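Student: Here it is, the structure in full.
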Amino acid sequence: MSTPKTASKPHYLRIRDYILDGIKNRSYAPGAKIPPEVELARQFGVSRMTVNKAIRDLAEAGVLLRYAGDGTYVAERKAESPLLDVNNIAEEIATRGHHYSAEVHYVRQEAASEEVALRLGLAVAAPVFHSLIVHFEDDSPIQIEERYVNPQWAPDYLQQDFTRETPNAYLMRTCPLSDVEHTVEAVLPLADECRLLVVEGSDPCLRVLRRTWSGKHLVSFARLLHPGAKYKLRSQTRVRKR
């Protein structure tokens with residue numbers, strides 16, 4: 001990597017951006033050690049105190065990890081999704097500068113079980129569309145998406161290529177979202193889930209149960225399972241003053 005030539009920025013911001021660019025373009029991969037402060041100070045022609053401020057800011061933001069007597073490393077950052085929003089996971093991954101891909105295990109019609117019928121407000125054994133897809137960030141499985149859809153509101157669901165467009169993107173396009181219900185719980189993965197997420201049975205996972213409406217219509221019910229070591233959910237709410 002070449003040193004940035006933007007002279008208008010304070011020196012510590014130039015160094016911070018240089019490190020962030022290195023992380024983004026994978027010159028500094030997660031777990032990699034960044035150059036020592038003395039080397040960065042010489043490279044940028046600044047004091048070690050200036051370099052230290054840039055590194056300290058990135059460490060406080062969780063981007064870097066500092067170990068006394070050893071050095072500074074790029075943190076293994078967890079993927080993050082907003083809890084209160086319904087975002088397209090493909091776009092989330094692209095925003096983080098990573099590659100998205102999907103593995104479709106099946107998309108089919110079947111009879112609704114008692115649980116699925118209850119979740120979708122249908123009669124038991126009514127026809128539903130059922131899909132199972134694993135979403136990948138780079139080469140790492142980041143989410144199992146098991147989704148049930150009411151055929152009345154998304155009749156073309158079975159004909160979609162979900163390696164090109166996620167179910168979320170398709171449903172948002174054809175059944176604009178009006179309401180969403182989330183339930184989040186910590187669980188241990190089942191045997192099939194361990195295989196799909198490449199985790200052990202003792203590894204905690206985050207499971208999100210989500211129901212979505214378009215207007216008055218209850219469109220879908222999804223179970224989203226994430227490996228807890230690689231994923232976190234975030235929520236921010238503005239509290240109104242009385």
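The values are calculated or read from the model by the stated rules, or taken from the named source; none is laboratory data. The structure presented is a predicted model; accordingly, all values stated were derived computationally and were not measured. Cβ: placed from backbone, ideal geometry, glycine included. Neighbour counts: every protein chain shown. Areas reflect the complete protein model, heavy atoms only, side chains present, ligands, DNA and RNA absent. Shrake-Rupley method; radii C 1.70, N 1.55, O 1.52, S 1.80 Å.
Student: I'd like the residue in the stretch 110-129 that is farther than 23 Å from residue 180 by Cβ and touching a helix residue (DSSP H, G or I) at 6+ places or on another chain (Cβ under 7 Å) and, out of all such residues, is most open to solvent (accessible area, probe 1.4 Å).
Tutor: Among residues in the stretch 110-129 that are farther than 23 Å from residue 180 by Cβ and touching a helix residue (DSSP H, G or I) at 6+ places or on another chain (Cβ under 7 Å), the one most open to solvent (accessible area, probe 1.4 Å) is 124.
Student: A further question on this structure: Do you know which of the residues in the stretch 233-242 that are in a loop (DSSP other than H, G, I, E, B) and touching a Leu at 6+ places or on another chain (Cβ under 9 Å) is modelled with the lowest pLDDT?
Tutor: Restricting to residues being in a loop (DSSP other than H, G, I, E, B) and touching a Leu at 6+ places or on another chain (Cβ under 9 Å), the top hit is 237.
Student: Can you tell me how many residues in the stretch 209-230 are at pLDDT below 90 and either closer than 18 Å to residue 117 by Cα or surrounded by fewer than 19 Cβ atoms within 10 Å (Cβ to Cβ) (or both)?
Tutor: 2
Student: I want to confirm something. Restricting to the stretch 80-134 and keeping residues that are assigned to a strand (DSSP E or B) and modelled with pLDDT under 95, which single residue is nearest to residue 198 (Cα to Cα)?
Tutor: Applying the filter and picking the extreme gives 100.
Student: Need a quick list: strands (runs of 3 or more DSSP E) entirely within the stretch 162-232 having at least 1 residues that are within 21 Å of residue 129 (Cα to Cα) and aromatic (Phe, Trp, Tyr).
Tutor: Correct list: 205-214, 217-227.
Student: In addition: Can you list residue pairs whose Cβ atoms sit under 8 Å apart, with the first residue in the stretch 30-50 being within 10 Å of residue 15 (Cβ to Cβ) and the second being polar (S, T, N, Q) and at pLDDT below 90? Count only pairs 6 or more apart in sequence or on different chains.
Tutor: Here the result reads 43/3; 44/3, each pair linking the stretch 30-50 to a residue that is polar (S, T, N, Q) and at pLDDT below 90.
Student: Please find, within the stretch 138-164, the residue that is most open to solvent (accessible area, probe 1.4 Å) out of those that are within 23 Å of the chain's Cα centre (by Cα) and free of Cβ contacts under 8 Å to residues at least 60 places away in the same chain.
Tutor: Only one residue fits best here, namely 164.
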